[in-house]
Amino acid sequence: MTTTRSIKNIFIVCALAIAMAAGAMRPANAFLDKTRFVTDLGVAYFCFHHWVWKPYQQGAFSEGAPHRTAAVVKAGAALLFAWNRVHAAENIARTSKDPLLQKLNGAVGGLATSFSAIGSKLKSGHFDPNDITSLHDQTGSVASDAAAGGATIKDVPVTVPGT
């Protein structure tokens with residue numbers, strides 16, 4: 001019985017050693033890079049489209065619009081949350097060995113900067129329609145570049161904290 005137990009223990013130790021060696025050969029951050037990247041951008045795009053772009057198109061940010069201040073502040077909070085997700089996607093792209101994600105890294109970095117800057121302006125109550133339009137164009141550009149490489153970005157509905 002002890003011989004059988006010894007063989008089992010040796011087998012378990014060898015299996016664990018092989019699993020650890022295999023895990024060390026593949027970096028953990030490479031697991032499902034494209035999926036994580038597309039999901040993070042999808043959440044960011046949903047926040048932008050739902051809380052910023054649609055209200056903008058409906059005139060919620062215009063002078064004299066009912067609840068304008070609340071709409072602008074919600075848009076700012078949504079953009080700052082979107083910045084968080086875009087920043088996460090940027091980190092994934094930067095550390096990934098995937099050629100598409102490496103190619104998109106610069107564009108996503110610029111998108112993160114835009115989300116942050118415009119989100120801060122909106123959250124403080126300052127609205128410039130040109131900011132929203134340029135951000136919409138920029139998100140469309142990143143999405144089309146990603147789609148051209150086979151990574152389609154779709155809105156992923158989430159609840160934005162504070163809205």
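The values are calculated or read from the model by the stated rules, or taken from the named source; none is laboratory data. All of these numbers come straight from a predicted model, not from anything done at the bench. With ideal geometry, Cβ positions are generated from the backbone for all residues, glycine too; neighbour counts draw on all protein chains shown. Surface areas here come from the heavy atoms of the whole protein model, side chains and all, with no ligands, DNA or RNA. Shrake-Rupley method; radii C 1.70, N 1.55, O 1.52, S 1.80 Å.
General observations
- Filtered residue count, the range 137-158, keeping only those that are within 16 Å of residue 40 (Cβ to Cβ) and open to solvent by 60 Å² or more (accessible area, probe 1.4 Å): 5
- Meets criteria (within 20 Å of residue 51 (Cα to Cα), open to solvent by 40 Å² or more (accessible area, probe 1.4 Å) and over 15 Å from the mean Cα position of the chain (by Cα)) for residue 120: yes
- Residues (part of a helix (DSSP H, G or I) and modelled with pLDDT under 85) located in the range 119-145: 119, 120, 121, 122, 123
- Odd one out for residue 111 among (1) open to solvent by 40 Å² or more (accessible area, probe 1.4 Å); (2) within 21 Å of residue 153 (Cα to Cα): (1)
- Candidate set from the range 46-85 (those that are open to solvent by 10 Å² or more (accessible area, probe 1.4 Å) and closer than 12 Å to residue 156 by Cα); member that is nearest to the chain's Cα centre (by Cα): 85
- Hey, residue 41 open to solvent by less than 20 Å² (accessible area, probe 1.4 Å), closer than 18 Å to residue 145 by Cβ, in contact with a Lys or Arg (Cβ under 9 Å, 6 or more places away or on another chain) and not in a loop (DSSP other than H, G, I, E, B) or not: yes
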